[in-house]
Amino acid sequence: MAVSPPRPKDLPLNALRAFEAAARLGGFAAAAQELGVTPGAVTAHVKALETQLGAALFERTARGVELNNLGKRVLPGFMDAFDALGEAVQTLRSEAAPRTVHVATLPSIAQLWLSPRLPALREAAPGISISITAMEQPPNLKRAPHDLCLFYGEDGQGALARDVIFPVCAPAMAQRLKTPADLATATCISDAAWADDWAAWAAQAMPGEGFSPRGPTYSLYTLAVAEAVNGAGLMIGHESLVSDHLRRGELVAPFEVRVTLDRYLRLWSDQPLAKGSAAARVSEWLRAGG
């Protein structure tokens, strides 16, 4: 009589993924953010994995967690494995000819640059749906289920436009401004994410004057834009993001000086997009200035 011994229990994939993310990113909180779960869930997955292995993978300290020697030895293999799995998943999704394109982008880009283009994109490609995820940092496309990333960055590869900045304000406020020196008594709105933009512009427009903006700081660029439209003060406009407001006359640029930064509005994907795929069509349309 044949004997069929019980099959050894596989290590759970979710636990392995949690370990790899925590080890690669240096902590459970960072891993949780990437995986879209809570830090507690990552902790539980890693603990269950260690219990099943009968060996620890991390050292717990007052400062957090650190990979132990076992974890360090096995991490490269798991990184390669999950990179390969991510690429295979992306290839599968592409080959399956999905009609939904997932785009990850900054909240300000999503609202001020991408959203106004969506009606024309839907008209140009009626069979394609666009799913937008707003986030502050670009995701790791080898692990995240996004087809395209749209963010500002210093790398010019995949650039749609150079980042050009200059002060903008409501037309009524602009009438009271004659030269950049008038900013000394004006309300100058700042954006927390681009806190150095006023200094970068003033260095060229007002060299040696030691200008420091006086006014509120907002955590959302789109809120700063709305407040500028409402007449609350001047703000540094990013040409790609405020062009529609300038065209409609809701904002104006009271000074001639415009500063071009070593920063670009970039659109990219992790791997070459299959010719004729939905993601490729969206990318081509956006690159064509759609």
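The values are calculated or read from the model by the stated rules, or taken from the named source; none is laboratory data. This structure is a prediction, so every number in the text was calculated from the model and none was measured. Virtual Cβ from ideal backbone geometry, glycine too; neighbours counted across all protein chains shown.
Criterion applied to SER115, SER131 was being of a type in the set (S, T, N, Q) and farther than 19 Å from ASP270 by Cβ, and the one residue passing it is SER115.
Give the residue, chosen from ALA56, ALA84, ALA62, ALA96, that is closer than 26 Å to ARG266 by Cβ and small (Gly, Ala, Ser). Lay out the reasoning, then the answer.
Numbers: ALA56 fails: closer than 26 Å to ARG266 by Cβ; ALA62 fails: closer than 26 Å to ARG266 by Cβ; ALA96 fails: closer than 26 Å to ARG266 by Cβ.
Being closer than 26 Å to ARG266 by Cβ and small (Gly, Ala, Ser) holds for just one of ALA56, ALA84, ALA62, ALA96, which is ALA84.
This table checks each residue for (1) crowded, with 17+ Cβ neighbours inside 10 Å; (2) modelled with pLDDT under 95; (3) among the basic types (Lys, Arg); (4) touching a Lys or Arg at 6+ places or on another chain (Cβ under 6 Å).
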| site | (1), (2), (3), (4) |
| --- | --- |
| ALA32 | yes, yes, no, no |
| ARG60 | no, yes, yes, no |
| ASP83 | no, yes, no, yes |
| GLU87 | no, yes, no, no |
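Please count how many residues of the stretch 71-118 are under 30 Å from TRP194 (Cα atoms) and small (Gly, Ala, Ser).
Going through the stretch 71-118 one residue at a time, the tally reaches 4.
A count restricted to the stretch 115-164 and to residues that are in contact with a Phe, Trp or Tyr (Cβ under 9 Å, 6 or more places away or on another chain), loosely packed, with under 14 Cβ neighbours inside 10 Å and within 30 Å of TRP201 (Cα to Cα) stands at 5.
Quick check on the stretch 252-268. Is at least one of its residues more than 20 Å from CYS169 (Cα to Cα) and out of contact with any strand residue (DSSP E or B) (no Cβ under 6 Å at 6 or more places or on another chain)? Quick ask: steps written out before the conclusion?
First, the residues of the stretch 252-268 that are more than 20 Å from CYS169 (Cα to Cα): 261-268.
Now restrict to residues that are out of contact with any strand residue (DSSP E or B) (no Cβ under 6 Å at 6 or more places or on another chain): 262.
Yes, some residue in the stretch 252-268 is more than 20 Å from CYS169 (Cα to Cα) and out of contact with any strand residue (DSSP E or B) (no Cβ under 6 Å at 6 or more places or on another chain).
When residues of the stretch 240-289 are filtered for being hydrophobic (A, V, I, L, M, F, W, C), within 22 Å of the chain's Cα centre (by Cα) and surrounded by 14 or more Cβ atoms within 10 Å (Cβ to Cβ), how many remain? Result for the stretch 240-289: 13.
The number of residues in the stretch 241-284 that are within 17 Å of THR105 (Cα to Cα), in contact with a helix residue (DSSP H, G or I) (Cβ under 6 Å, 6 or more places away or on another chain) and modelled with pLDDT under 95 comes to 0.
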